[in-house]
Amino acid sequence: MAIIRPFEALRPPVHLAPRVAALPYDVMDVEEARQMAGDNSDSFLHISRPEIDLPASVDPHADEVHSQGKLNLQGFIERKVLIQEPAPCYYIYRQRMGAIVQTGLVACAAVDDYVSGVIKKHEHTRADKEEDRIKHIDTLDANDEPVFYIFRSHPEVEDILQNVTYEPADYNFTTADGVSHALWVVADPYLIEHLTRLFSAIPTLYVADGHHRSAAAAKVRDLRKAANPDHTGNEEYNFFLTVIFPESQLNIMPYNRVVKDLNGLDTPRFLDTVSKSFLITPAPAPLAPEERHHFGMYLGRQWYRLQARPELTDEANTVGRLDVSILQNHLLHPVLGIENPRTDKRISFVGGIRGLDELVRLVDSGEYAVAFSMHPTGIQELMDLADDDQIMPPKSTWFEPKLRSGLFVHLLS
């Protein structure tokens, strides 16, 4: 059963929260991070992407980058840009993006749950990216960015979250992208104990976003356990920062694909080959598929609708029935030669928040030859697959809105 516990968050004073809050480290490159931070010395990007404070020639994975992050965190504390909570609390975090509203519980999850499988994952991690997060967390001595988790809907938990949000929020601001952010501090001991007990009856949590941060938290725990002869299992490094949302509130957007070339085929031969597995129909306008097993394709300034032939859709196969699997197994690999989308440099992935215009721009620029718009993977598909201990193809899900970093930090000691 899920173990969660409150923690003494480092968080900004109310008037600084809009200046501190930043997008997650992995949704931007270094130059984008520099531009986002701009002349804002309070941007949390100075901690989550500390390479922006070093010369461009420095390897962003170098030890000096992680040391700079630690230095910046200490500076934020000294300048009282981040102030530590006097007692362990939970926090309730609500985001609103247009009609989408998601309200989750900010808490520390247990490394033991991640290791035992109570926390279920659906993606493989990359060793290099995992190692970078291990160094970052261990050097900072903190979980600076939360992992995004899901729990199957639990009416009593959801009622508590809703009831707390009837009170005025401790933070309430809107970021430049139009997403509003509200945070409530849950300091009442009874409510803390009640939430902890309710989650102890929830059998499973699911990783939505943050597989590398979860894996790195487990490795950091192992390092510190090995170095601590008095290890008890109750130390802060045995727990890591999460925001946990009920399944009913989450929004998955498509994760679209673009490929640099047609693998030596001309357009007529490419279309003919694709037609063996997909019904192809020209589309009069940019196409965002509205049902499973349908895809949009942009090629040669023309949109097409692709519909997977029935024999390709094995509904009994939790991985094979995913649209990302159907496209990979019956087009990207056999036709375009993308054998491993995790490592092949000819394919790139475009988050659905960027829209279809971005696919058109990339292909019309000549940088890519063809683009595919996807129907989003469903929350139920994600959880069913994780329950079967299966792994999704890479880049299967894009969650929006993104959690903002800097509103709560978990210190490991």
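The values are calculated or read from the model by the stated rules, or taken from the named source; none is laboratory data. Nothing here was measured: the structure is a model prediction, and the numbers come from that model. Positions of Cβ are generated from backbone atoms using ideal geometry, with glycine treated the same way; all protein chains shown enter the neighbour counts. Side chains included, ligands, DNA and RNA excluded: accessible areas come from the protein's heavy atoms. Shrake-Rupley method; radii C 1.70, N 1.55, O 1.52, S 1.80 Å.
Some points to look at:
- Share of Cα-Cα pairs in the stretch 363-413 lying beyond 12 Å, as whole percent: 79
- Spatially proximal lysines relative to LYS70 (Cα-Cα < 17 Å; intrachain offsets below 8 disregarded): LYS80, LYS135
- Modelled label positions at GLU8 and ILE83, each set 7 Å beyond Cα in the direction of Cβ, lie 1.5 nm from each other.
- Spatial offset of the stretch 251-327 relative to the stretch 130-150 amounts to 36 Å, using the alpha carbon center of each.
- Fraction of accessible area attributable to carbon and sulfur, the stretch 155-271 (%, probe 1.4 Å): 51
- Checking every one of the chymotrypsin sites (Phe, Trp or Tyr not before Pro) in the stretch 135-219 against DSSP loop status and a limit of 11 other Cβ atoms within 10 Å picks out TYR166.
- Among the trypsin sites (Lys or Arg not before Pro) in the stretch 37-83, those placed in a DSSP loop whose Cβ has at most 16 other Cβ atoms within 10 Å are ARG79, LYS80.
- The 3J(HN,Hα) values that the Karplus relation (6.51, -1.76, 1.60; θ = phi - 60°) gives for the stretch 330-347 are, in residue order, 10, 9, 4, 7, x, 9, 9, x, 8, 6, 10, x, 6, 10, 6, 7, 7, 10 Hz. Gly and Pro appear as x.
- Taking a ≥ b ≥ c as the square roots of the eigenvalues of the alpha-carbon gyration tensor, the stretch 120-273 is classed oblate because a/c is 1.5 or more while a/b is no larger than b/c.
- Per DSSP, loop trypsin sites (Lys or Arg not before Pro) in the stretch 322-412 with at most 15 further Cβ within 10 Å: ARG342, LYS345
- Computed log₁₀ I(q)/I(0) - Debye formula, equal Cα scatterers, no solvent, the chain, q 0.11, 0.13 Å⁻¹: -0.87, -1.17
- In order through the stretch 165-177: 3J(HN,Hα) via Karplus (6.51 cos²θ - 1.76 cosθ + 1.60), integer Hz, x for Gly, Pro: 6, 6, 7, x, 6, 6, 10, 7, 8, 10, 8, 4, 7
- Partner lysines for LYS260 [C-alpha distance under 30 Å; skip if fewer than 8 residues away on the same chain]: LYS129, LYS276, LYS345, LYS395, LYS402
- Accessible surface for the chain, divided over its residues, is 42 Å² per residue with a 1.4 Å probe.
- Positive end of the dipole of the chain (Cβ unit charges, origin at the Cα centre): among ILE244, PRO401, HIS293, the Cα lying farthest that way belongs to HIS293.
- Take every pair of alpha-carbon atoms less than 8 Å apart whose residues are at least six positions apart; their mean separation over the length of the chain yields a relative contact order of 25 percent.
- Share of carbon and sulfur in the accessible heavy-atom surface of the stretch 335-378 [1.4 Å probe, %]: 46
- Rounded to the nearest 20, the Cβ-based charge dipole of the chain about its Cα centre (Lys and Arg +1, Asp and Glu -1) stands at 620 debye.
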